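Structure, as structure tokens:
Computed from the coordinates by the stated procedures, all read-outs in this text should not be read as laboratory data. Quick caveat: nothing in here was measured; it's all calculated off a predicted structure. Quick reminder, even Gly has a Cβ in these numbers, built from the backbone with ideal geometry, and neighbours come from all protein chains shown.
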Amino acid sequence: MNRQVSFSIWYVLLAIMAVVIVHDFILALNQVEELPYSEFKRLVAEGKVAEVAVTSHMLVGTLKSEGDSKEQKAFRTVRVEDPDLVRELNQHGVTFAGVIESTFLRDLLSWIIPVALFVGIWFFIFRRLGQAQGGFMQVGQSKAKIYMEKDVKVTFADVAGVDEAKDELREVIEFLKTPEKFTKLGGKIPKGILLVGPPGTGKTLLARAVAGEASVPFFSISGSEFVEMFVGVGAARVRDLFEQAKGKAPCIIFIDELDALGKARGMGPMAHEEREQTLNQLLVEMDGFDPRVGVILMAATNRPEILDPALLRAGRFDRHVTVDRPDKKGRLDVLRVHAKKVALNPDADLEQIAAMTPGFSGADLANVINESTLLAVRRGKDQVGIAELQEAVERVIAGLEKKNRVLNKMEKERVAYHETGHALIALSIPGTDQVQKISIIPRGVAALGYTLQLPTEDRFLMTKSELENKVAVLLGGRIAEETIFGEASTGAQNDLVKATDIAKSMVKAYGMSDKLGTITLEQERQPQFLQLPVASERGDYSEETAREIDCEVRRIVDEQYGRVKQMLEERKAALHQGAKLLIEREVITGAELKAIMDVNLVEQSARR
């Protein structure tokens with residue numbers, strides 16, 4: 001509740017208190033005694049009533065003064081149908097008169113008060129709606145945020161790691177600055193530019209940088225802001241948005257999360273008439289406006305596969321710019337941009353952090369810099385060092401350390417052997433990701449320990465043997481528990497899920513099964529830039545094929561199970577030594593475990 005509203009309520013409460021006090025004061029001055037009708041009749045018979053006024057519902061009067069007092073007490077009683085009342089009043093000398101009541105004021109108030117109450121509530125509700133939505137009568141107007149030339153301070157210098165996308169968009173900046181350079185040869189700039197890519201890669205930032213480089217107004221709106229509770233509002237807002245943009249041309253219209261508005265018509269079990277009407281209006285506006293006016297429409301989405309085909313045809317969003325996750329050089333550039341305002345220690349090697357973070361988006365890298373800064377402040381340091389940066393990477397990958405979660409001796413020992421098993425298999429198989437750290441400090445929601453593996457380079461393809469090696473590393477923890485303790489625990493559940501998913505993808509998606517052949521059996525196409533849970537429904541194939549898929553998945557996992565079990569039996573001494581060292585120190589490096597493993601292998605070969 002804001003200050004103005006709270007003051008208004010206090011004023012109302014004070015007014016009510018004042019009315020109650022005044023009312024009680026008036027009643028105190030004019031005390032009227034309530035009498036039962038029987039008591040009134042008794043006082044009349046005793047000659048104590050001085051006068052009476054008869055109304056339609058009540059008898060009001062005064063009693064005769066008693067003794068030397070000249071004060072006459074007022075009374076009132078309910079009127080009862082009594083035919084002997086007038087005779088008794090005459091008999092005892094009571095002055096009486098009939099009073100005709102006017103009900104006009106009462107009847108008027110009975111109409112005015114409910115109407116005034118309704119109008120007051122109606123006015124209050126729509127006033128609040130007006131404050132929240134810019135006015136009820138303005139509901140059809142565009143809700144786009146307008147940034148004028150001087151307000152858009154983002155340039156390409158603030159955007160890193162997407163050099164290809166920036167090169168694609170320089171042409172748009174040239175057109176906005178010097179349109180005659182293109183029009184004199186009869187060329188046409190693309191009407192719409194669609195930025196596609198995973199979440200957090202900087203699509204919105206890139207669009208603002210284009211406006212900042214071109215020094216033109218920037219209209220920013222989300223796709224979900226077009227559709228409201230009122231039918232036709234979305235289409236009206238689209239029309240108003242383009243009208244405003246034409247008035248401020250040259251300019252850029254940016255629609256974020258276009259998939260909320262431009263989803264293909266007819267998709268899903270129920271048609272959304274309002275959304276489709278809004279989409280139709282957008283299609284009409286894109287066809288109707290002349291690009292020579294200087295209005296460029298840009299949009300961003302991470303679900304391009306669900307957009308309506310009419311949006312993607314030539315003449316509408318006819319240029320698609322992919323804003324992908326940065327490579328190693330791009331990650332280094334992003335880290336440098338975000339580290340400009342951070343006091344870095346000379347030992348803070350950003351190249352090392354860039355190498356540790358393959359697959360990170362620009363938002364993830366910004367989070368790494370921010371987390372490292374918070375860690376340095378928490379530790380009382382004046383500068384951010386390499387230790388804080390590495391810890392921030394681990395926090396983003398594995399989650400927050402849970403040092404207060406104390407494991408008992410048995411659990412700690414089992415987790416140590418589990419993580420050492422993962423690491424030994426990863427160190428023993430060539431071509432796997434490098435083991436950086438092994439820890440039995442709980443992290444995240446359910447991880448009681450973790451083995452941190454970081455690739456040494458960016459990879460875009462995986463071979464069959466590399467996928468099988470991944471399955472082997474995932475099984476290493478469970479098999480280490482079985483080798484040492486004779487039985488498995490629930491701690492390997494997540495490893496089994498990942499291993500089974502990899503084996504399923506090898507069989508169903510990648511055609512890596514000799515028995516099923518080079519075919520894909522995926523039920524539906526997965527999103528291009530979003531990682532959604534794998535659908536559990538069976539695809540369009542027979543029961544016999546489904547059985548063969550299950551057998552092939554089991555065969556792949558079982559083969560790696562046997563392979564890993566043999567490797568761990570050969571490295572049992574290294575498993576014991578590595579687990580004991582891990583229990584003592586809680587955290588060891590991959591290099592330390594590799595040294596232990598190499599020494600044991602040399603000793604075994606010497607004994608042979």
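Using label points projected 7 Å from each Cα along Cα→Cβ, tell me how many nm separate VAL54 and THR155, to one decimal.
9.9
Sequence gap at least 6, Cα distance under 8 Å: using those rules, report the relative contact order of segment 328-398 to the nearest whole percent.
So the answer I get is 39 percent.
Sort 275-283, 381-389 by the packing proxy (mean of other Cβ within 10 Å over each peptide's residues), most packed first.
275-283, 381-389
Can you list the equivalent-ellipsoid semi-axes of segment 328-398, largest first and in whole Å, using the square root of 5 times each Cα gyration tensor eigenvalue?
Calculated on Cα positions only, the semi-axes equal 18, 13, 10 Å.
Pop a pseudo-label 7 angstrom from the Cα along the beta-carbon direction at both GLU276 and VAL293 and give the gap in nm to one decimal.
2.8
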